[in-house]
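Enquirer: Can you read through this structure? Questions will come right after.
Throughout, read-outs are computed from the coordinates displayed, never taken from laboratory work. All figures in this text were calculated on a predicted structure; none of them were measured in a lab. Positions of Cβ are backbone-derived with ideal geometry, glycine not excepted, and every protein chain shown enters the neighbour counts.
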Amino acid sequence: MQLRAAYYALAYGHIWIARQYANWGWCSGFRLSIYPWESQGYFGYACNWDKHAGSIRTMLH
């Protein structure tokens, strides 16, 4: 039961963070590696929504 509660707390925490990034027009991702020297964790980055929307429109037509 405690493991399940911890899992859901972590999952909903990441959902909340992702929504905050999206509200500001940013994309987000989570990087995980087996190598400790590589970058890991949650990150946000500026993405071009117009570019993505254009490519989606192209695919739909």
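Enquirer: Return the sequence-ordered ³J(HN,Hα) values of the range 30-39 in whole Hz as given by the Karplus equation 6.51 cos²θ - 1.76 cosθ + 1.60 applied to θ = phi - 60°, using x for Gly and Pro.
Expert: So the Karplus estimates, Gly and Pro as x, are 10, 10, 9, 9, 7, 8, x, 7, 8, 5 Hz.
Enquirer: To continue, here is another question. Per 10 Å bin, what is the whole-percent P(r) computed from every C-alpha pair distance within the range 1-51?
Expert: All Cα pairs considered, the percentages come to 23, 37, 32, 8, 1.
Enquirer: What chymotrypsin sites (Phe, Trp or Tyr not before Pro) in the range 4-33 are in a loop by DSSP, with at most 14 other Cβ atoms within 10 Å of the Cβ?
Expert: Trp24
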